[in-house]
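The values are calculated or read from the model by the stated rules, or taken from the named source; none is laboratory data. Model, not experiment: these values are computed from the prediction. Counting neighbours? That spans all protein chains shown, and the Cβs are built from the backbone with ideal geometry, glycine included.
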DNA sequence: CAAAATTATTTCAAGTATAAAATATTCAGG
DNA sequence: CCTGAATATTTTATACTTGAAATAATTTTG
């Protein structure tokens, strides 16, 4: 058969075959595997079509909607990654000429990053194609299911964000 | 304030502030950020409490329910990671004495890994504590919401798994 | 205002992750 | 039984990721 000439995990998944266990545990595993499947598809698609990584795409997506740029700290919060991570990520995008990095005139500790002209136009193409893909992945999901998930995930997200400081 | 003495991303998250955009796109971002928040909490909790990484925990979780062990290929499929990734992950756990790795008598290409006695007993403690944490993260989520998410995520997962071979 | 605390970022070490190429072994035909 | 296809895993190169420690600049305060 040969699946794709690549090593490729991320296609089968038995959802950890969580037999017993509490409903919440099983839900968490299902949530995770669903997110993994979708992000895997997106990652492979971006790579195949544009040779760009998902983290780079995410970074550009954040900057695309902030024409004036963002400080690194704000960017790391929005992307939910550590500061240290961003240093290298931004560096690579600067090398490629997609992102500009300049010191904040108001605070010499800080840096502001934003899309270059080239970055902006490339990202537009990436985003368009990506939207097409994501919509296709949701093809068999009814609008009311989308709505229900939207609301229920908000509840879960709020609960998980709140109930954090345990022990 | 100081948040936690660590560099810590993964706490705030503006859900990418996806203003416009199709509902499906926004749902995908919400799904991703929810999964990120939960897995971040789990990861930090396991590290703080037991000094174990999430991938190691996941690997042990898979083996825990297969007393006879698993071949590496099957394990990589279940964990949704590439084969190459597993080589190093297993190696570390073998070094720590938590996992045993032996060649499959029926197929000399293959390896079978399973939990050692020590691994089994350590994992029991990890899992117990982890279950406590996950349940606490779901604390404010009503059972019917859990049920609804379970069903609707199954639909989404199926759709995303199916609609793959696009272009 | 100078020392102390805080904030913004980088550096570092270790681990995780992918995709592609390389190895080794098994299997299917001829 | 020998060859070529298929399978199982490892290796390699590159990139991502974290958490902690280090740097540097700003703000707070005694």
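Table: residues versus (1) within 15 Å of DNA strand D (Cβ to nearest atom); (2) touching a helix residue (DSSP H, G or I) at 6+ places or on another chain (Cβ under 6 Å); (3) modelled with pLDDT under 95.
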{"residue": "B:13", "(1), (2), (3)": "yes, yes, yes"}
{"residue": "B:20", "(1), (2), (3)": "no, no, yes"}
{"residue": "B:66", "(1), (2), (3)": "yes, no, no"}
{"residue": "B:92", "(1), (2), (3)": "yes, no, no"}
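Counting only residues that are assigned to a helix (DSSP H, G or I) and within 11 Å of the chain's Cα centre (by Cα), segment B:37-63 holds 14 of them.
Test of understanding: among B:147, B:162, B:132, which residue is more than 7 Å from every other protein chain (Cβ to nearest Cβ), over 19 Å from the mean Cα position of the chain (by Cα) and either surrounded by fewer than 19 Cβ atoms within 10 Å (Cβ to Cβ) or closer than 30 Å to residue B:25 by Cα (or both)? After ruling out the rest, the residue left standing is B:147.
The one condition from (1) within 14 Å of chain A (Cβ to nearest Cβ); (2) more than 10 Å from DNA strand C (Cβ to nearest atom); (3) closer than 27 Å to residue B:135 by Cα; (4) in contact (Cβ under 8 Å) with a residue 40 or more places away in the chain that residue B:59 does not meet is (2). When we screen B:73, B:84, B:88 for residues that are closer than 25 Å to residue A:58 by Cβ, at pLDDT 95 or above and in a helix (DSSP H, G or I), the only hit is B:84.
Out of B:101, B:109, B:47, one residue alone is near DNA strand D (Cβ under 10 Å from one of its atoms), in contact with a strand residue (DSSP E or B) (Cβ under 8 Å, 6 or more places away or on another chain) and more than 8 Å from chain A (Cβ to nearest Cβ). It is B:101. For residue A:146, state whether it is touching a helix residue (DSSP H, G or I) at 6+ places or on another chain (Cβ under 9 Å) and either more than 16 Å from DNA strand D (Cβ to nearest atom) or touching a residue at least 60 places away in the same chain (Cβ under 8 Å) (or both). Here the answer is yes, as residue A:146 does meet what is asked. If the condition is being assigned to a helix (DSSP H, G or I) and surrounded by 14 or more Cβ atoms within 10 Å (Cβ to Cβ), then segment A:113-128 contributes A:119, A:120, A:122, A:123, A:126, A:127. The residue pairs whose first member lies in segment A:70-97 and is within 11 Å of chain B (Cβ to nearest Cβ), whose second member is surrounded by fewer than 14 Cβ atoms within 10 Å (Cβ to Cβ) and part of a helix (DSSP H, G or I), and whose beta carbons are closer than 8 Å, counting only pairs six or more residues apart or on different chains, are A:78/B:17. Considering only residues in segment A:135-144 that are in a loop (DSSP other than H, G, I, E, B) and within 7 Å of chain B (Cβ to nearest Cβ), the one that is nearest to residue B:24 (Cα to Cα) turns out to be A:138.
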